[in-house]
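One structure below.
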Amino acid sequence: MGRSGEAKALGVSAFVAWFRAAAPYIHAFRGKIFVLAFGGDAMLREDFVDLIYDINLLNALGVRLVLVHGVRPQVEERLTTEAHYVRGRRVTDAEALEHVKDAVGSVRVDIESLLSVGLPNTPMAGADIRVASGNYVTAQPAGVVEGVDLQFTGDVRKIAVAAIRARLDAGEIVLLSPLGYSPTGEVFNLTLEEVATQAAIALCAEKLVFILDHGDSVDARGQRINRVTAAQVPRLLRDLPEGDMKLYLPHAAHACKKGVAKVHLISADVDGAVLMELFTHAGVGTMVTRQSVENLRTAGIDDVGGILSVIEPLETDGILVRRSRERLEQEVERFFVDELDGVIVGCVALYPFPEASAGEMACLAVASQFQGCGRGDALLGAVEDAARELGLTQLFVLTTRTAHWFIERGFALGGPEDLPAPRQAMYNWQRRSKVLVKKLEPS
Ligand SMILES: CC(C)(COP(=O)(O)OP(=O)(O)OC[C@H]1O[C@@H](n2cnc3c(N)ncnc32)[C@H](O)[C@@H]1OP(=O)(O)O)[C@@H](O)C(=O)NCCC(=O)NCCS
């Protein structure tokens, strides 16, 4: 079909309108990590290649992709004895483990091969995708459940975050299998849903997407569930029939509670479902979001212990100036805290100097395991808003090791002479902190 024929077939105005409307999504997704999980059944479908095309498109748009595949039907096909289940988990004995390894190897090669296509007459033309797979998942035995040893059935113990990020930074797609390795040299069979969920949490993924092979993203009455919050999931699960929706929803809720921004559950039966779900407002699947389990708020006296647990390790390292509990108790109202699932994971304080129209931002800290997900930015935003509300026109901060973080966020290097007089008098010349200043534009 010639170019004008193609445009006619699509409906020119609809195509142009749709493409333009996709721009904000493209901007928002570039550089973000998406974890996309699909079961072994997806690969048995004739239209699996369409999912590969959509993965290729996301990759071309700069989304950093981690794929997680399953192997359930491929393993079942190889098993000679009937599988034994305890509480919904299959017991993996030594023989079954060999079948799992065999199936994983074969499925992984098939996926890598499909992602390697670059034929000129396919959407993969010019793709040149690199796929990275390896020992990124550390596992531990699931142990003995109801008196039955699950043997080589395992749980995720750790995700090699830095190694995966390095591959993603190199522009590669990372492919994870439902297998994990233990430091004792053993291999464990995992579920794809656990690998995908733990990977999304550990990588602070923007999105976790589950492709549903069995059943649609509908409720017990067959009506599509467009959007739910993690808190609504337990009630929803009560009436849901067996199927992938029931299987994946608890993992989706868990991922949201642990910080994954959005989880999508999409039926494999809808052509282009991944694109429609991700690039249109209405979507075609179910989107699970975290309710405000994460709460950025002003601190109260009950938060002193939580704040101390965040700042003490940094005080020990000399990054923050030591504050006694008594001083913190007196000044706690100056603090904002970021609370996740009831635990304080970050804090910051604002000390106003109204006579100089300035405010000092102090004690900005995010607990180490929660860093790198934008919480520092959110805390800074809260302080800036509060300072503006007080009519302050500039914000300053004293730091010894974090100057660049502030400079990248609009602060400029100044000196002690830029501090309001009372603060200048207290400047610690031994610590020689750098002074950074930011002008606050009125909102
Ligand atoms: C600075 C801090 C609050 C940022 O929190 P965060 O939640 O990780 O922040 P964000 O997710 O918004 O930003 C992360 C980015 O900051 C960068 N960053 C972290 N520490 C940095 C530093 N000391 N200097 C420069 N950049 C830094 C990270 O590399 C990351 O960059 P990337 O987005 O390019 O990957 C956190 O690293 C922290 O608690 N540090 C120790 C305490 C401290 O230095 N406080 C400031 C003194 S008042």
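Under 1.5 on a/c is rounded, so check that first for the range 362-415, then, if it is not, pick prolate when a/b is larger than b/c and oblate when it is not; a ≥ b ≥ c are the square roots of the alpha carbon gyration tensor eigenvalues. Here the range 362-415 falls in the oblate category.
Rolling a 1.4 angstrom probe over the range 372-443 with all protein chains present gives an accessible area of which 50% lies on carbon and sulfur atoms.
For the chain, the membrane-span-like helix rule (DSSP H, alpha carbon extent of at least 30 Å along the helix axis, mean Kyte-Doolittle at least -0.5) picks out 94-116; this says nothing about an actual membrane. Only loop residues by DSSP count here, and only those with at most 12 other Cβ atoms within 10 Å; note down the chymotrypsin sites (Phe, Trp or Tyr not before Pro) in the range 404-439 that meet that. Counting only loop positions with at most 12 other Cβ atoms within 10 Å, the chymotrypsin sites (Phe, Trp or Tyr not before Pro) in the range 404-439 are 429. Distances over 29 Å make up what percent of all Cα-Cα pairs in the range 211-363? Across the range 211-363, Cα pairs with separations above 29 Å total 42 percent. If you count Lys pairs in the range 3-289 whose Cα atoms are under 24 Å apart, skipping same-chain pairs closer than 8 places in sequence, the total is 17.
Here the accessible area of the range 102-162 is 49 percent carbon and sulfur, with a 1.4 angstrom probe and all protein chains present. Note on the range 15-147: with charges restricted to the Cβ of Lys and Arg (+1) and Asp and Glu (-1), its dipole about the Cα centre is near 760 debye.
Among 158-171, 18-31, 59-72, the peptide with the highest mean count of other Cβ atoms within 10 Å heads the list, and the full ranking is 59-72, 158-171, 18-31. Taking a ≥ b ≥ c as the square roots of the eigenvalues of the Cα gyration tensor, the range 294-439 is rounded, since a/c falls below 1.5. Within the chain, DSSP assigns beta bridges of which about 60% are antiparallel (rounded to the nearest 5). Within the accessible area of the range 246-319, the carbon and sulfur atoms contribute 53%, probe 1.4 Å, all protein chains present. Rounded to the nearest 20, the size of the Cβ-charge dipole of the chain about its Cα centre is 1220 debye, with Lys and Arg at +1 and Asp and Glu at -1. For the range 3-289, evaluate the Debye formula with one uniform point scatterer on each Cα (no solvent term) and list log10 I(q)/I(0) at q = 0.08, 0.14, 0.17 Å⁻¹, rounded to two decimals. The calculated log intensity ratios at q = 0.08, 0.14, 0.17 Å⁻¹ are -0.34, -1.06, -1.55.
Between residue 327 and residue 407, the FRET efficiency from the beta-carbon distance, with R0 = 35 Å, is close to 0.75.
A dipole drawn for the range 3-289 from +1 and -1 charges on Cβ atoms has a positive end, and of 184, 237, 106 the residue lying farthest that way is 237. Taking the chain, the Cys residues with no second Cys beta-carbon under 4.7 angstrom are 256, 347, 363. Farthest toward the positive end of the dipole of the range 3-289, out of 86, 63, 38, is the Cα of 63, where the dipole comes from beta carbon charges about the Cα centre. Across the range 261-406, the relative contact order, built from alpha-carbon pairs under 8 Å that are at least six residues apart, equals 19 percent. Rounded to the nearest Hz, the phi-derived 3J(HN,Hα) couplings of the range 403-417 under the Karplus curve 6.51 cos²θ - 1.76 cosθ + 1.60 (θ = phi - 60°) are 3, 5, 4, 6, 4, 5, 10, x, 7, 10, 5, x, x, x, 5, where x marks glycine and proline. In the context of the full set of protein chains, residues of the range 182-285 present 41 Å² of accessible surface per residue (probe radius 1.4 Å, heavy atoms only).
Excluding ligands, DNA and RNA, the accessible surface per residue across the range 314-382 is 45 Å² with a 1.4 Å probe.
The values are calculated or read from the model by the stated rules, or taken from the named source; none is laboratory data. In this text, all values refer to a predicted model and were calculated from it rather than measured experimentally. So basically every Cβ, Gly included, is an ideal-geometry build from the backbone, and we count neighbours across all protein chains shown. SASA here: full protein model, heavy atoms, side chains in, ligands and nucleic acids out. Shrake-Rupley method; radii C 1.70, N 1.55, O 1.52, S 1.80 Å.
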